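Below is one structure, written out as structure tokens, with a few remarks after it.
The values are calculated or read from the model by the stated rules, or taken from the named source; none is laboratory data. The structure presented is a predicted model; accordingly, all values stated were derived computationally and were not measured. Here the Cβ positions follow ideal geometry from the backbone for every residue, glycine too, while neighbour counts run over all protein chains shown. The accessibility values were calculated without ligands, DNA or RNA, using every heavy atom of the protein model including side chains. Shrake-Rupley method; radii C 1.70, N 1.55, O 1.52, S 1.80 Å.
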Amino acid sequence: MTLDLPLVFTALMGVAMLAYVVLDGYDLGVGMLMPAADQREQDLMVASIGPFWDANETWLVLGVGLLLVAFPAAHGVILGALYLPVAAMLIGLMLRGVAFEFRVKAEGWHRELWNWLFWFGSFLASLAQGFMLGRMITGFEPGFGYWLFALIVAGGLCGGYVLLGATWLVLRTEGALQKKSLDWARWGLVWVALGVALVSIATPFASETVRAKWFDFPRTLALMLLPLASLAAGIWVWMATGRLKRGAKTAEWAPFAGAAAIFALAFAGLAYSLFPYLVMDKMTIWEAAAHPSALIFILWGAAVVLPFIAAYSVFSYWVFRGKARAGLYD
Amino acid sequence: MNGTDALLLARAQFGLNIGFHILFPTITLALAWILVYFRVRFARSGDAAWLATYKLWVKVFALTFAMGVVSGITMSFQFGTNWPGYMTRVGNIAGPLLAYEVLTAFFLEATFLGVMVFGMNRVPGWMHVTATVLVAFGTTVSAFWILALNSWMQTPVGHTVAAGGQLIAGDWVAVIFNPSFPYRFTHMMLASGLTASFLVAGLSAWRLLHAPEDGAALRTLRTGAVIAAVVAPLQVLVGDLHGLNTLEHQPAKIAAIEAIWQTQKGVPLVLFAVPNEAKQRNDFAIEIPKLASLILKHDAEAELKGIDHFAPHAPPVAPVFLAFRVMVGMGVAMLSLAWLGTWVMRGGKLAPRWILWSFAGFTFSGWIATLAGWLVTEIGRQPWLVTGVLRTSEAAGRVGEAPLGASFTGYVATYALMLVAYMVVLTHLAGKGAQR
């Protein structure tokens, strides 16, 4: 049996991208929630993501790197079509990345400026990512309706990141800030539910391919498990945050796990809609793949190194377990 | 759309990004190892002054590292957006090298940086020392891969050409350890050593100008000066070897560096001139007879190939020639100051204020030398992107001028803000000094 390398790399890229949206998603979400908190809370919020954000963003580099490496033809088409949103995202990521460092060292209005840039950068990057996703789903079709669709996806993704960020804070903070976070999580959940519903309804209209894939009885019945599971995860988050709000005994990780599950399920749905296309209706993973010699060489490296990456990522989360404390550098 | 303008814009944008990016790894590469030194000194002695020193420089490192990360993420996108032709033709070689950098270096650095910066009170001392070492190791591994790729683009070997014109790696060991790689890698590591040691010495001198009695700053000034005094002569030696390697593999670059227009014997060394591209000659030249032949061929009468031999595949002379002189001039100045400073401060003597001012003025001197050197090597390989294989003009994308211009403006504004903030914060941190 020969290995279907493009398929293997699609799976690898999928894992990297999913890891990215969940991991950087929570820290982008925390960034977007900054204006809703007071100054002491803001310090705690930033402290809760300080040790992780850099590694989280590395998943984006890996995901894009794999796209570049394994599917060079698609990389050019996709990033060429998304040139401006990519630039907007990069500028957003840059601003918020350095704001982490600058805000703790600045005083007075400088600090306010970096707080604002941290929020702005997080928001700009999230919006741009959602917009790019929206354009991907419709295969970069021109026309007002398609652009509107991309904007709706962008709004939905921001809601998702806010949900992830808020549930992360539920896990990582205590007292008044945790209570606030529970409310933010519920707002985020409503926002996500609206977004997912809108996108789910709009996608079959926006793309004939997607419509054909999802509305094909009896397969549709099996596929309905995906939205049903998403609904269950949503209800799980709502119930868990409700119990935590009442002070009932519930695991503090439960809302975050539920939010991550919603992301994983939505990701699975999108992956199913797109597959086997990398550029919707235009280029499949096999058409876009790089030469096998390059892919095999990377596969060896990935097979050896990824377990180590997983191990020391777990180690890092173990070292920084528990509630966030202010006094970042001490 | 005018194709030439778009190509120029694409090159300017990429050049700006990579030039901005290179500033920060140039510091962190060596600063990471200097931090290992501070951390080990603290672990050995338990001296709170070493701990305070370590904590101050970790802040500088974390800030510089963040600047490098975010500008580096930009690079990973621009390979595809600005140079699609590059990925199409040589993606099967460039891609894996970049992927290895992400897999073996980026995750390692990013994860253990968290432990290093935030975890001192959360992990045992030995684990924290290990985290510091792993971050330093990760930055070096990162430099290894990126310089392997850059060197391969300068001196490509180990590949075959497939039917569609795509390059396929035949022998990965040959690709990675290509002829110019050992020289370029060593040259870059030493450049980082100089840049970081002058940064440490310069910021410490700045602190001493405000607080002459600060023992920690005096110690780091000394550390920086001594490292620079050792690394600078090594760099002269490696730079010379690198030049001879370039003469062997990229003679056109040498012709541009030395502004040799016509192939001739007994070539003079041009100390300074204004290269005249139109007339293919040097105006206002100050030359030392036969010295270029002597340096490059170790024979005063030897023949050196001129630009005329390589045209039309020759680089522009003026920028390469001038940037080379900036690099060497900066290097000589840094060597002199490092030796002078070490000599003046020998045996624990205090540094006079003029020495402190000199080091403070040289805080970012490594940036100037490194950027100049980078311009020499990158412009010097033009018109090739991959020597003899792919021209820069063939690799450029077809992004319109409007989006290019818009994103270019956005990048320039962002970089300007970041650079100003970076330098202000660094000076501010240095002014406060190490806090017990």
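Couple of notes before you dig in:
- Flag if A:L68 is in contact with a His (Cβ under 6 Å, 6 or more places away or on another chain), facing another protein chain (nearest Cβ under 10 Å) and buried (at least 24 other Cβ atoms within 10 Å of the Cβ): yes
- Selected residue (only one of B:M75, B:M116, B:M120 is out of contact with any Pro (no Cβ under 6 Å at 6 or more places or on another chain), more than 9 Å from chain A (Cβ to nearest Cβ) and open to solvent by 10 Å² or more (accessible area, probe 1.4 Å)): B:M75
- Search result, residues across region B:296-317 that are crowded, with 17+ Cβ neighbours inside 10 Å and not in a loop (DSSP other than H, G, I, E, B): B:L296, B:L304, B:I307, B:F310, B:V317
- B:I18 fulfils the conditions (1) free of Cβ contacts under 8 Å to residues at least 12 places away in the same chain; (2) under 25 Å from B:S197 (Cβ atoms) except for a single criterion, (1).
- Scanning region A:205-219 for any residue that is within 30 Å of A:V8 (Cβ to Cβ), within 14 Å of chain B (Cβ to nearest Cβ) and surrounded by 14 or more Cβ atoms within 10 Å (Cβ to Cβ) turns up nothing.
- Filter pass, B:V231 being of a type in the set (V, I, T), open to solvent by 50 Å² or more (accessible area, probe 1.4 Å) and closer than 27 Å to B:G380 by Cα: no
- Residue satisfying condition, being out of contact with any Cys (no Cβ under 6 Å at 6 or more places or on another chain) and over 22 Å from A:S313 (Cα atoms), within set A:V30, A:V86: A:V86
One line per residue, one yes/no per condition, for (1) buried (at least 22 other Cβ atoms within 10 Å of the Cβ); (2) among the aliphatic types (A, V, I, L, M):
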residue: B:Y37; (1), (2): no, no
residue: B:R41; (1), (2): no, no
residue: B:T64; (1), (2): yes, no
residue: B:L108; (1), (2): yes, yes
residue: B:T111; (1), (2): yes, no
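- Residues of region B:380-407 that turn out to be assigned to a helix (DSSP H, G or I) and open to solvent by 50 Å² or more (accessible area, probe 1.4 Å), as a count: 5
- Only a single criterion out of (1) free of Cβ contacts under 8 Å to residues at least 40 places away in the same chain; (2) surrounded by fewer than 24 Cβ atoms within 10 Å (Cβ to Cβ); (3) under 21 Å from the mean Cα position of the chain (by Cα) is not satisfied by A:G130, namely (2).
- Any chance A:L278 is in contact with a Leu (Cβ under 9 Å, 6 or more places away or on another chain) and assigned to a strand (DSSP E or B): yes
For (1) more than 14 Å from chain A (Cβ to nearest Cβ); (2) out of contact with any helix residue (DSSP H, G or I) (no Cβ under 6 Å at 6 or more places or on another chain), each residue gets a yes or a no:
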residue	(1), (2)
B:F20	no, no
B:F24	no, no
B:A30	yes, no
B:V36	yes, no
B:V40	yes, yes
B:S45	yes, yes
B:W50	yes, no
B:Y54	no, no
B:A66	no, no
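- Any pair with Cβ under 6 angstrom, 6 or more apart, that starts in region B:316-327 at a residue that is farther than 11 Å from B:I379 by Cα and ends at one that is open to solvent by 10 Å² or more (accessible area, probe 1.4 Å) and among the small types (G, A, S): B:M327/B:A369; B:M327/B:G373
- Unmet requirement for B:K305, which otherwise passes all of (1) in contact (Cβ under 8 Å) with a residue 24 or more places away in the chain; (2) on the phi > 0 side of the Ramachandran plot: (2)
- Residue match in region B:204-223 (condition: among the charged types (D, E, K, R) and outside any helix (DSSP H, G or I)): yes
- Members of region A:75-105 that are more than 7 Å from every other protein chain (Cβ to nearest Cβ) and small (G, A, S): A:A81, A:A88, A:G92, A:A99
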